There are 4 protein chains.
Amino acid sequence: EDVQGRTDPRRLAINKVGICDIRHPVSIAQRVGGHQSTVATFAMYVNLPHEFKGTHMSRFVEILNAHEQQITPDSFQLMLEEMAERLEANNGHIEMYFPYFVDKYAPVTGEKGVMDYEVGFIGDRVDGVSTLYVEVQVPVTTLCPCSKDISDYGAHNQRSLVTIRVRADAFFWAEELIDIAESEGSCELYGVLKRIDEKAVTERAYENPKFVEDVVRDIATRLNDDDRFRSYRVTSENFESIHNHSAYAMIEHDKDAE
Amino acid sequence: EDVQGRTDPRRLAINKVGICDIRHPVSIAQRVGGHQSTVATFAMYVNLPHEFKGTHMSRFVEILNAHEQQITPDSFQLMLEEMAERLEANNGHIEMYFPYFVDKYAPVTGEKGVMDYEVGFIGDRVDGVSTLYVEVQVPVTTLCPCSKDISDYGAHNQRSLVTIRVRADAFFWAEELIDIAESEGSCELYGVLKRIDEKAVTERAYENPKFVEDVVRDIATRLNDDDRFRSYRVTSENFESIHNHSAYAMIEHDKDAE
Amino acid sequence: EDVQGRTDPRRLAINKVGICDIRHPVSIAQRVGGHQSTVATFAMYVNLPHEFKGTHMSRFVEILNAHEQQITPDSFQLMLEEMAERLEANNGHIEMYFPYFVDKYAPVTGEKGVMDYEVGFIGDRVDGVSTLYVEVQVPVTTLCPCSKDISDYGAHNQRSLVTIRVRADAFFWAEELIDIAESEGSCELYGVLKRIDEKAVTERAYENPKFVEDVVRDIATRLNDDDRFRSYRVTSENFESIHNHSAYAMIEHDKDAE
Amino acid sequence: EDVQGRTDPRRLAINKVGICDIRHPVSIAQRVGGHQSTVATFAMYVNLPHEFKGTHMSRFVEILNAHEQQITPDSFQLMLEEMAERLEANNGHIEMYFPYFVDKYAPVTGEKGVMDYEVGFIGDRVDGVSTLYVEVQVPVTTLCPCSKDISDYGAHNQRSLVTIRVRADAFFWAEELIDIAESEGSCELYGVLKRIDEKAVTERAYENPKFVEDVVRDIATRLNDDDRFRSYRVTSENFESIHNHSAYAMIEHDKDAE
């Protein structure tokens, strides 16, 4: 008889129980076609009713092993359903975060490079209803409008990390969120830049100064304009080049709660 | 004229804007009397109405500089209020996390050691009303009930990190939450243990096997029994000694939402 | 004319210059045959003679892009040579660290799971001569001999991280180093364990108590006995289950320096 | 009888054994006078001759507890000696890293802010002879000479982390190394900057473009010119604002090995 299966007398249900900090190889469907291989870090939880002493931890790993190939938003939701079923739970939660690589071409020479982004799929299942969130973390350049405005020449700029998390009611690619983030910084980042490309990105950033406040507002405007996206949370964190701390802004909005 | 002070045409309010990842020396009031010096990492945010282009980032740092000495839950709430006032904001948020040191005596020999815990004060101000959360992160030993039950001898055990975050309506010490966490693991950790102490903690853990589910339930029971604590979130994460991933459980509850 | 190509007047050679913290998809040859896809973090440096103002940073990325497929120790050394050549440097250094996954079967039921290890290839080229180091980071269980000896029952145990870095003069698989590390802990870790497996690993650890000192000595003995390994550095770090700090031991040895 | 004290038959000496990842409050002597309270993370090791099975882990913690107050380079070396003595070891090694805070005044308005730096004391004792290394990690601004040169306006810049580690044969303050690092970037960082200060730092950085290569060379020149510093290792890592990777350079030199 399993210790886990015993009756528990404390009359306290557990909101989430399961495993986390587990790495697994995965294969992700790409907008350009085909799949790319990468490595994801998972967290997998279910709820536990008050009458049970413990959950069955090894089943989580077994579900993960059975689903490692070719993950799409659809197959991710199937994994979430199967987890809830096999653990006999009403509620479930799966998070997977992974580096995601996209070929990117330098703006003038067109030289091919690779950019890496952190992408997350977050699935929540409550009373049998699943909700999927997709998150992208996108580094961009931000150039300070105030610094440009007051200085005779130059303007401080830096790498900023933009994070967008959305809930949608129609299909979209993570690459679409990456495109939005990259087009709304002062400039975007590249894997490879030749001299003439570096001139282009330097001048583009200078022509396009943005506070963290501007970045999150411009991205929110883009997400507001697209009906597929039903709720979002957008942050921008500047690793300031003139301070040893970060500047930060966040907008969140749920269109269906209006 | 400040660029930040200009009128913004996008009609989008910002939920949080400010600074983060900033370290500052602080002095924390202790249950044993006096204060201890440590180093905190802060995040400080306010909301920004839609009509303003930007916030005044340097004011956050000035507020931090003015408040570095002798932080208590009360003075922390004053800092939150002052921040909202000086930034002319309805809403504000301050988080500070710091290592906190407590003298601790070995269970048999009584030899004095020091334990370090991560403690957080989290203040939320919404429409002029402040709410304070206190968080403690407490390492404990957990010994697996299943492993003990099925094995002829021994039982796998490991360090587990317990996190308790509470909202209260009366004064309490962070040390009280640490005590609760330490008394509800299989055993507690110590800075210094002599041979005879090591025997005591080894046997205590073996006599007291607990799953992560047990740890969070036993802590939740303690918090339910204390009327000062109005809401809580308790997690336990086992850095499993037989797996390369963690086992995790979480209970959250708001007594005032019942 | 490139700024980097200008003559530098300071008469100071630079030991290492290049790029780091760059992630790239890679494919690694496996002992079981075939290749596995994973993600590596690279650092790539060359020396810079005193007369040049700067190096050509974009070339490092181009070399990385050209070599992403199917890395073996041999092809890794080719990348090191090509980097030195294209940067016109006498000395070069490449490090790549990546999660590496190995199928592993539970000790009694034989149920298949997956274990992840961190593996590194480190190449040093000095005056045209390349040296390759391979590093594996392997989590194991350690059970304290003192705790077992003095206690009436039980013994504290925990996850320990073993790191082995070797220089060899003949081919070997990273999996061979992983095998050595796993067989010299108190017990090894698994991805999936059923009840009867958990009994087996619990009892094996209890029968096989080891200090960090024992772990590094037993691994060093194994490496001393294999003539392919010419130098090594072995560490073991216990994430102690009874303390909030780690216990650590390290042995390093160069057979060719004897 | 202690298990650790038994005779070991493997005939393998251990280079380093002890504890690490242990945090402790410390008090550090300041150039401006007095001491500042902060929190250090320690590693403490000794060698272990082949004939002993294990070391006495609890003694390391006892030594740490006895020395927590008012650490100077001198008292740090005493702790190193005492550790070697109490553990009956010929060799010893102590590392302590801590955030260190220095008041800093904005360049035009003189407004007072605080900067935080990571500082390390590293002591090595070999056959009874102690050597002390001091390390500072100093964030600075770097502005790209190439980007400035080729662009009609603007220039990409970013936060860069400069690390200096030295061995000296006469007294110096860690603050002196911080001064050198800050004066050899394109510009230095500040805790608080008003508008007119931000103009000053923006223009100073633009007037003073530097590659990572320039930064390490200019710092090396300063260290070469000061006879107290006998050996050094200087690195600069740019968190590039136009790439998602870092640019890196390093110079190391031992004057006494010339």
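The values are calculated or read from the model by the stated rules, or taken from the named source; none is laboratory data. Computed from a prediction, not measured in an experiment: that's the story for all the values here. Using ideal geometry, Cβ is built from the backbone for each residue, glycine included, and neighbour counts are taken over all protein chains shown.
Computed quantities for the displayed model
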| item | result |
| --- | --- |
| Residue check, C:D8 touching a residue at least 12 places away in the same chain (Cβ under 8 Å) and either surrounded by 20 or more Cβ atoms within 10 Å (Cβ to Cβ) or closer than 17 Å to D:F211 by Cβ (or both) | yes |
| Residue within the range B:4-15 that is out of contact with any Cys (no Cβ under 9 Å at 6 or more places or on another chain), at pLDDT 95 or above and assigned to a strand (DSSP E or B) present | yes |
| Boolean, D:F52 is out of contact with any Leu (no Cβ under 6 Å at 6 or more places or on another chain), under 28 Å from D:D127 (Cα atoms) and of a type in the set (F, W, Y) | yes |
| Number of the exception - A:L64 against (1) modelled with pLDDT under 95; (2) assigned to a strand (DSSP E or B); (3) hydrophobic (A, V, I, L, M, F, W, C) | (2) |
| Candidate set: the range B:118-165, residues that are facing chain C (nearest Cβ under 7 Å) and of a type in the set (A, V, I, L, M); chosen: the one nearest to the chain's Cα centre (by Cα) | B:A155 |
| Among (1) touching a residue at least 12 places away in the same chain (Cβ under 8 Å); (2) closer than 21 Å to B:A168 by Cα, the one test that B:D197 misses | (2) |
| Number of the exception - A:V114 against (1) of a type in the set (V, I, T); (2) facing chain D (nearest Cβ under 9 Å); (3) crowded, with 20+ Cβ neighbours inside 10 Å | (2) |
| Flag if A:V234 is aliphatic (A, V, I, L, M) and more than 11 Å from chain D (Cβ to nearest Cβ) | yes |
| Criterion: within 23 Å of the chain's Cα centre (by Cα), in a strand (DSSP E or B) and either under 24 Å from A:I242 (Cα atoms) or more than 14 Å from chain D (Cβ to nearest Cβ) (or both) - qualifying residue of B:R31, B:R23 | B:R23 |
| Residues (outside any strand (DSSP E or B) and in contact with a Pro (Cβ under 7 Å, 6 or more places away or on another chain)) located in the range D:117-149 | D:C144, D:P145, D:K148 |
| Any hit, the range A:195-205, residues being surrounded by fewer than 20 Cβ atoms within 10 Å (Cβ to Cβ), among the basic types (K, R) and within 13 Å of chain D (Cβ to nearest Cβ) | yes |
| Any chance A:V140 is touching a Gly at 6+ places or on another chain (Cβ under 6 Å) and of a type in the set (A, V, I, L, M, F, W, C) | yes |
| Residue within the range D:220-243 that is touching a Pro at 6+ places or on another chain (Cβ under 8 Å) and either within 27 Å of A:V140 (Cα to Cα) or among the hydrophobic types (A, V, I, L, M, F, W, C) (or both) present | no |
| One residue from D:F76, D:F101 being aromatic (F, W, Y), at pLDDT below 95 and within 23 Å of the chain's Cα centre (by Cα) | D:F76 |
| Boolean, B:T38 is of a type in the set (S, T, Y) and at pLDDT 95 or above | yes |
| Residue count, the range C:243-257 (criterion: surrounded by fewer than 23 Cβ atoms within 10 Å (Cβ to Cβ), out of contact with any Cys (no Cβ under 7 Å at 6 or more places or on another chain) and within 7 Å of another protein chain (Cβ to nearest Cβ)) | 3 |
| Conditions (1) out of contact with any Leu (no Cβ under 6 Å at 6 or more places or on another chain); (2) within 10 Å of chain B (Cβ to nearest Cβ); (3) more than 28 Å from C:F121 (Cβ to Cβ): number failed by C:S186 | (1) |
| Of the criteria (1) of a type outside the set (F, W, Y); (2) more than 9 Å from chain D (Cβ to nearest Cβ); (3) over 26 Å from A:V134 (Cβ atoms); (4) in contact with a Gly (Cβ under 6 Å, 6 or more places away or on another chain), which one A:E213 fails | (3) |
| Near pairs, Cβ below 8 angstrom, 6+ apart or cross-chain, from the range C:78-99 (over 18 Å from C:L48 (Cα atoms)) to any residue that is of a type in the set (D, E, K, R) | C:Y97/C:E118; C:Y97/C:E135; C:F98/C:E118; C:P99/A:R23; C:P99/C:D116; C:P99/C:E118 |
| Positions within the range B:188-209 being touching a strand residue (DSSP E or B) at 6+ places or on another chain (Cβ under 8 Å) and charged (D, E, K, R), in sequence order | B:E188, B:R204 |
| Filter result (under 16 Å from B:P209 (Cα atoms) and within 14 Å of chain C (Cβ to nearest Cβ)) within the range B:166-183 | B:A181, B:E182 |
| Options C:M83, C:M96; residue that is among the aliphatic types (A, V, I, L, M), more than 13 Å from chain B (Cβ to nearest Cβ) and in a helix (DSSP H, G or I) | C:M83 |
| Residues located in the range B:99-116, provided they are assigned to a strand (DSSP E or B) and farther than 20 Å from B:A174 by Cα | B:K112 |
| Candidate set: the range C:52-80, residues that are within 13 Å of chain D (Cβ to nearest Cβ) and of a type in the set (F, W, Y); chosen: the one surrounded by the fewest Cβ atoms within 10 Å (Cβ to Cβ) | C:F52 |
| Where D:V162 falls short, out of the listed (1) modelled with pLDDT of 95 or more; (2) surrounded by fewer than 16 Cβ atoms within 10 Å (Cβ to Cβ) | (2) |
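For (1) of a type outside the set (A, V, I, L, M, F, W, C); (2) surrounded by fewer than 22 Cβ atoms within 10 Å (Cβ to Cβ); (3) at pLDDT below 95; (4) within 20 Å of A:N47 (Cβ to Cβ), each residue gets a yes or a no:
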{"site": "B:N208", "(1), (2), (3), (4)": "yes, yes, no, no"}
{"site": "B:D214", "(1), (2), (3), (4)": "yes, no, no, yes"}
{"site": "B:F229", "(1), (2), (3), (4)": "no, no, no, no"}
{"site": "B:V234", "(1), (2), (3), (4)": "no, no, no, yes"}
